[in-house]
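Shown next, in structure tokens, is the structure this report addresses.
Taken together, the values in this text are just the output of simple stated rules run on the coordinates, not laboratory data. What you see is a predicted model, and the numbers here were worked out from it, not measured in a lab. All Cβ positions, glycine included, derive from the backbone under ideal geometry; neighbour counts span all protein chains shown.
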Amino acid sequence: MRPLILAMLAGLAAAPAAAAVLPVTVAAQAPAAGTLVLPLANAGDLARVGTALDAATQAAVSRALTAAAFDYKAKSTLSLRGIGTYDRLLIVGLGAAPTRVDLQNIGGIAAREAGKDKAVALVASHLPATAATDVALGYRLGSYSFDAYKKPEKPVVRAPLTVVGAGNTDEQASVAEAVAFTRDLVAEPANIIYPESFVERTRAAFAGVGGVKIEVLDVPAMEKLGMGAILSVGKGSTRPPRMLIVEYKGAGAPAKPIVLPGKGITFDSGGISIKPGTGMWRMKNDMAGAASVVGAVLALSKARAPVNVVAIAALAENMPDGNASRPGDVVRAMNGKTIEIISTDAEGRLVLADAMVYAKKYDPAAIVDLATLTGAVGGALGNEYAGLFSRQDWLADQLIAAGKATGEELWRLPLHPNHLEDVKSDYADIRNSTEGNQPGASHGAVFIGYFGDPKTPWAHLDIASMAMSSEAVPTVPKGATGYGVQLLDRFVRDFKPGN
Ligand code: BES
Ligand code: MN
Ligand code: ZN
């Protein structure tokens with residue numbers, strides 16, 4: 001390769017890791033200038049936040065609210081410029097009974113609508129004690145953008161936020177930082193993020209974080225362990241596969257860890273069962289499960305949470321090649337079970353098979369795997385929920401509760417004994433596809449579960465339709481969502497072993 005091209009590639013690969021989180025501070029008094037965000041549940045709230053405004057400004061705002069017939073509903077906004085001493089007063093509807101997720105949305109709206117202003121303050125003195133934490137998280141999540149490869153005419157500068165009132169604005173800072181880390185990995189193209197560079201990004205993000213151990217299995221190590229399933233996916237690519245394990249144990253943590261395997265296909269072309277060209281570019285996000293499980297461990301470890309957790313990122317690139325697997329090939333997973341590859345495009349379950357077997361060595365309290373596994377799950381649930389599969393009701397319930405608390409919601413789908421019958425093979429112990437026979441998402445789930453220990457509580461989250469969004473919402477910009485980081489952070493912190 002010519003030196004110039006090599007230098008250009010090196011330049012791209014050196015794209016910076018996630019920047020530190022935006023500063024959010026607390027102040028007792030509202031500033032008298034810049035942008036002021038006023039969350040209001042009703043007309044009477046204006047008097048409650050009134051200490052921030054002088055009487056004339058309050059009267060002007062009141063008239064504007066009436067004239068605009070402002071409805072005070074969650075996510076409604078009214079932007080008033082040049083009133084009193086302020087460049088902008090941004091009124092945001094609170095709704096009647098705001099949840100913590102609603103308060104995070106207020107922060108996200110402030111970031112999206114006013115984050116590029118000179119200075120932003122948000123009045124929270126009339127809100128619950130936890131509001132400062134929530135609006136800070138929402139502001140940071142909503143401020144995210146991925147512009148590593150664009151040269152903007154003028155660089156985007158996000159204003160630091162001042163929360164007017166009291167509370168802790170940094171309690172969830174590590175969550176915001178970890179979500180940005182995960183979003184960056186998912187947004188990065190597959191010429192930048194491949195198994196080895198995923199590992200390097202992870203090492204950089206965890207540099208200096210206490211209680212963390214990172215282990216990486218390369219091809220010879222995986223060969224020695226008999227991980228024929230992940231190796232079969234990786235061998236069609238010039239970028240070799242990796243199994244990346246990130247362990248974190250906090251002070252006072254339980255003895256048994258929660259183990260989080262994640263699908264890390266850095267690009268899914270489909271392999272020899274090649275995908276259609278339209279939309280194939282999206283398959284750079286097929287490592288979102290791995291990015292989310294590693295991101296969750298990043299959030300928990302940076303916050304020094306008293307938890308025991310292990311992320312296993314099963315990393316490979318799925319490419320067609322003379323050395324790639326063919327449909328009909330039979331491979332052997334780490335536990336000795338044989339797999340007939342019906343479709344090389346059902347590769348996520350293959351890499352996860354070996355990750356599930358490897359998880360056994362940690363004697364897990366529970367296993368929760370995340371994967372952009374099937375198109376079928378989006379057909380059932382759209383973009384509102386990820387699919388949840390588990391044979392343990394208590395585990396499913398704890399995951400659903402964590403989903404509700406964080407706004408990263410889950411909907412439970414079935415694992416029927418007949419689904420396992422459906423994936424039995426004529427030529428091997430199991431096959432990786434039923435050739436389009438429904439139900440596709442359950443067939444994928446049941447395949448992954450086959451490689452777990454039946455005595456270990458296990459859940460599978462199919463996040464295929466959640467990893468990237470085509471429409472921005474307050475805390476999730478268009479593009480890579482980071483879905484799963486907040487959900488897993490909450491789930492692991494709140495986890496109680498069941499039976
Ligand atoms: N990575 C895809 C699933 C996917 C599809 C994610 C669309 C996001 C959007 C996965 O590897 C795949 O190709 N699944 C196949 C499975 C089939 C071959 C059994 C699918 O869903 O069609
Ligand atoms: Mn595929
Ligand atoms: Zn895939």
Straight distance only, please: which lysines reach the Cα of residue 213 with their own Cα at less than 28 Å, same-chain residues fewer than 8 apart left out?
224, 235, 249, 256, 263, 284, 302, 360, 361, 455, 496
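Normalised by the residues of the stretch 351-499, what does the relative contact order come to in percent, with Cα pairs under 8 Å and at least six apart? Walk me through the numbers on the way to the answer.
Working: 225 pairs, mean separation 54.7, N = 149.
Here the relative contact order equals 37 percent.
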Between the stretch 29-51 and the stretch 164-226, the Cα center-to-center distance that results, in Å
39
With everything on Cα atoms, drop me the angle between helix 440-450 and the longest principal axis of the chain, reported from 0 to 90° to the nearest 10.
60
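Quick one: if the Förster radius is 41 Å, what FRET efficiency do residue 256 and residue 130 give, using the C-beta to C-beta distance and rounding to 0.05? Mind showing how you got there, number by number?
On the way: r = 30 Å, r/R0 = 0.74.
Rounded to the nearest 0.05, the efficiency is 0.85.
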5 Å is the cut-off here: which amide hydrogens, built 1.01 Å from N in the peptide plane, fall below it relative to residue 26, excluding neighbours closer than 5 in sequence?
163
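If each DSSP helix of 4+ residues adds -39,500 (n - 2.57) and the sum is divided by the residues in the chain, what number results at 222 nm, nearest 500 deg cm²/dmol?
Values: 16 runs with 170 residues, N = 499.
For the chain, the value works out to -10000 deg cm²/dmol.
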Folded to 0 to 90 degrees: helix 393-406 orientation relative to the chain principal axis, Cα
40
For the chain, find the longest principal axis of its Cα atoms and tell me its angle to the long axis of helix 3-13, 0 to 90°, nearest 10.
60
Residues of the stretch 166-189 with backbone N under 20 Å of the label point set 7 Å from the Cα of residue 28 along Cα→Cβ are 166-170
Return the distance in nm (one decimal) between the two label points of a simple spin-label model at residue 87 and residue 401, each offset 7 Å from Cα along Cα→Cβ.
4.5
Packing-ranked peptide list from 178-185, 157-164, 206-213, highest mean Cβ count within 10 angstrom first, is 178-185, 157-164, 206-213
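Express the Stokes-Einstein translational diffusion coefficient of the chain in µm² s⁻¹, to the nearest whole number, given a Kirkwood radius over alpha-carbon pairs, 20 °C and a viscosity of 1.002 mPa s.
After rounding, the answer is 90 µm²/s.
Among DSSP bridges having both ends in the chain, what percentage is antiparallel? Round to the nearest 5.
On the way: 29 of 69 bridges.
Of all bridge pairs located within the chain, approximately 40 percent are antiparallel.
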